[in-house]
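Asker: Quick one: this structure, given as structure tokens, is what I'll be asking you about.
The values are calculated or read from the model by the stated rules, or taken from the named source; none is laboratory data. Everything numeric in this text was worked out from a predicted model, so none of it was measured. Cβ placement follows ideal geometry from the backbone for every residue including glycine, while neighbour counts extend to all protein chains displayed. Each accessible area value is taken on the protein alone, full model and side chains, heavy atoms only, with ligands, DNA and RNA left out. Shrake-Rupley method; radii C 1.70, N 1.55, O 1.52, S 1.80 Å.
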Amino acid sequence: MPKGTPPAPTGQDWPGALGNFPAMLAELEIINFALVERACLPFTESLNILSGETGSGKSLVVEALGFLLGGTPRDKPLRSGAERGSVSGRFLDPPEEALALVRQWGLEDTDDELLLSRDLHASGRSTCRINSRLTTLANLRELGSTLVDLHGQHQQYALLKPSRHLQILDRFAGPAQAGLLSRHAATWKRSRELSAELEALRSGELERRREIDWTLHEIAEIQEVQPRPGEDRELEEAIRVLASAEDLQRAAAEAHQALQGEGAASETLARAGSALKGLLNADARLQPLWERLEEALVVVRETAADLRSYGDQIRVDPQQLEEMQTRHESLRRLQRKYGPGLEEVLAYQDSARARLAELEGRAARSEGLEDELAQVEEERREVAGLLSAARQEAAERLQGEVARELTLVGLKACRFVVRLEKAPEPGPDGLDQVEFMIAPNPGEPPRPLARTASGGELSRLMLAMLSLFSRFEPVPTLIFDEIDAGLGGRAAESVARRLQDLARRCQVLCVTHLAVLAAAGARHHHLSKSVEDGRTTTRTSVLEGEARELELARMLSGDASPEAARSHARELLSRAGS
């Protein structure tokens with residue numbers, strides 16, 4: 001099954017548990033941080049133990065890791081006398097979520113590891129790097145949250161955030177829930193799109209009606225005139241003729257009289273032709289001259305006839321002139337508003353008709369949107385109901401599962417409650433909001449996780465829940481500090497088993513004073529404090545074989561020498577399979 005796919009849980013059996021191991025912290029290097037001068041801690045992918053005497057600096061490792069992930073240390077962390085300190089961590093097989101962030105920020109990345117580092121200077125300024133590239137503290141903090149879930153005295157598990165609880169419950173509900181979520185998200189998104197479009201149409205209804213009225217007015221104004229392409233030029237020419245009709249008639253008559261009347265040009269030409277015609281035989285050179293006179297006479301007589309015809313066609317009509325001028329002014333008015341030419345006026349009329357059709361079609365669109373929105377909302381409500389029913393059933397099962405886990409870590413009296421309520425408004429995930437609640441003691445009302453427990457109790461509570469949730473919800477590297485507070489006997493053994501079980505699915509770092517928890521680890525780091533040249537220094541070492549046995553004996557009795565303690569230590573290691 002792919003990483004992160006939710007199984008279908010039944011009872012305490014979880015078929016299809018995560019098969020891909022999450023990202024792990026491979027190494028942590030600490031330089032000049034508090035009492036640590038230099039330390040390099042290699043971690044295994046499963047359960048890593050940090051132990052040492054009280055005050056040896058076990059929590060310094062947790063604080064250093066928190067500093068690396070963007071946290072603010074309680075005190076000035078730079079080692080006294082040092083100018084510069086640093087904490088670096090190498091993470092193997094980072095999740096895609098982390099790699100996506102690195103790519104988004106334009107930093108170099110590889111598919112198999114990430115290197116985070118944070119330097120601290122004597123001035124108090126810190127420098128952050130991801131894969132040796134400078135970055136911001138905010139980026140380092142965001143990336144770190146995808147890699148490590150750290151809880152010490154001043155940090156909180158991501159599981160305490162109510163924003164994650166709905167997602168966890170849905171994963172617990174099984175794979176069918178993912179399909180319902182996808183359907184609901186799609187219908188919710190479509191519903192919002194339709195509602196926004198419908199609201200836009202409704203909010204613009206008054207403006208739409210105004211625009212329809214104005215567009216109708218424009219179309220009617222052009223239709224009333226009914227212009228033709230080129231009509232304006234034709235009218236201009238006709239108006240010029242009518243406006244000069246009397247002058248044109250008079251000029252045509254005078255010209256005709258000059259060409260055709262008594263003593264006019266035609267008679268003069270005729271007399272000249274007659275004078276030459278009788279002498280053509282006398283001199284052949286007169287022939288072409290006579291012919292030209294004859295041709296001129298024909299032209300004059302035809303022109304005179306045309307002038308008479310032209311004059312007869314000219315009509316003085318003041319009423320027609322006024323009608324033409326009125327028509328021309330109507331065309332010019334259209335051109336001023338919609339022109340500049342009549343071709344553009346007609347083109348505007350066509351676009352106005354198209355705009356009118358679009359505006360009038362909005363009413364039909366609005367009705368169509370209302371029908372579609374009703375159908376989409378009906379489907380969304382149906383899917384939301386299925387989601388809510390599945391969540392209610394899953395919440396009841398989850399409460400039972402967590403109750404069993406709480407018993408196994410010595411919190412039998414705790415009561416875990418999944419508070420499932422209707423959200424004020426539907427969202428992409430449905431109509432529900434979820435928050436995990438806990439009542440640590442009988443008779444107390446359940447309260448939110450983050451405000452219920454603290455210290456070792458909270459760590460054990462988180463261990464119980466993460467032991468369950470990690471089987472279907474991918475978790476990053478987990479850090480447990482103070483988990484052994486108030487533990488002993490069978491409860492401590494049960495916690496050790498839960499840690500081992502959890503470490504089969506994700507990397508775990510655990511700071512402990514209890515030998516039974518330390519014996520469960522796959523790798524055991526020991527921290528010790530010594531004074532060298534008048535300065536206190538914390539050192540780290542990986543314990544194996546006899547050295548680990550002696551440390552467990554010390555944790556059991558306060559002294560590594562008693563044989564009984566050594567024998568008990570060997571028994572713990574044997575039982576834990578270490």
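Asker: Find the accessible area per residue for the range 371-423; the probe is 1.4 Å, ligands and nucleic acids are left out, and the unit is Å².
Answerer: Roughly 50 Å² per residue, with all protein chains present.
Asker: How much accessible area per residue does the range 431-578 have, in Å², with a 1.4 Å probe?
Answerer: Ligands and nucleic acids excluded, the result is 40 Å² per residue.
Asker: Okay, moving on. Give me the accessible area of Met324, 1.4 Å probe, in Å² rounded to the nearest 10.
Answerer: Roll a 1.4 Å probe over it and Met324 shows about 40 Å².
Asker: Determine the percent antiparallel among the DSSP beta bridges restricted to the chain, to the nearest 5.
Answerer: 75
Asker: Enter the accessible area of Val376 (Å², nearest 10), with the probe set to 1.4 Å and all protein chains included.
Answerer: Counting only protein heavy atoms, Val376 exposes about 20 Å² to solvent.
Asker: Subtracting the Cα-Cα distance from 0.36 nm times the residue separation, let me have the gained length for Glu360 to Arg301 in nm, one decimal.
Answerer: That works out to 14.4 nm of additional length.
Asker: Counting C-alpha atoms alone, how compact is the chain: give Rg to one decimal and Dmax as a whole number, in angstrom.
Answerer: Final numbers for Rg and Dmax: 49.7, 172 Å.
Asker: In whole Hz, with x marking every Gly and Pro, tabulate ³J(HN,Hα) for the range 466-481 from phi via Karplus 6.51 cos²θ - 1.76 cosθ + 1.60, θ = phi - 60°.
Answerer: The phi angles translate into 5, 4, 7, 5, 5, 6, 9, 10, x, 10, x, 4, 10, 10, 10, 10 Hz.
Asker: Under a 1.4 Å probe, what is the accessible area of the range 283-351 per residue, stated in Å²?
Answerer: With all protein chains present, the range 283-351 gives 68 Å² per residue.
Asker: In Å and whole numbers, how far do the C-alpha atoms of the range 182-287 stretch along each principal axis, longest first?
Answerer: Taking the Cα atoms of the range 182-287, the three principal extents are 120, 36, 11 Å.
Asker: At most 16 other Cβ atoms within 10 Å plus a DSSP loop assignment makes a site exposed; report the longest stretch of the chain without any exposed GluC sites (Glu not before Pro).
Answerer: The segment 263-543 is the longest one with no such site.
Asker: With θ set to phi - 60°, apply the Karplus curve 6.51 cos²θ - 1.76 cosθ + 1.60 along the range 228-241 and write out the HN-Hα couplings as whole Hz, x wherever there is a Gly or Pro.
Answerer: 10, x, x, 5, 5, 5, 4, 5, 4, 5, 5, 5, 4, 5
Asker: For the chain, what is the calculated [θ] at 222 nm in deg cm²/dmol (nearest 500), taking -39500 (n - 2.57) for each run of four or more DSSP H residues and dividing by its residue count?
Answerer: When only DSSP H runs of four or more count, the value is -18000 deg cm²/dmol.
Asker: Over the range 40-175, calculate the relative contact order: mean separation of alpha carbon pairs under 8 Å at least 6 apart, over the residue count, as a percent.
Answerer: Relative contact order here is 20 percent.
Asker: With every protein chain present, what accessible area does Ile438 have (1.4 Å probe, heavy atoms only), rounded to the nearest 10 Å²?
Answerer: Taking all protein chains as shown, Ile438 has close to 0 Å².
Asker: What part of the accessible area of the range 161-261, given as a whole %, is carbon or sulfur when the probe is 1.4 angstrom?
Answerer: With neighbouring chains kept in place, the figure for the range 161-261 is 52 percent.
Asker: Follow-up question, since we're still on this one. Express in nm, to one decimal, how much length is gained between Arg336 and Gln226 on full extension, taking 0.36 nm for each residue of separation and deducting their alpha carbon distance.
Answerer: Length gained between Arg336 and Gln226: 38.0 nm.
Asker: What's the extension gain from Leu201 to Glu396 if we count 0.36 nm per residue and subtract their Cα-Cα distance?
Answerer: Result for the pair: 65.7 nm of gain on full extension.
Asker: Could you tell me which trypsin sites (Lys or Arg not before Pro) in the range 305-379 are loop residues by DSSP with no more than 14 other beta carbons within 10 angstrom of their beta carbon?
Answerer: In loop regions of the range 305-379 (DSSP not H, G, I, E or B), the sparsely surrounded trypsin sites (Lys or Arg not before Pro) are Arg315.
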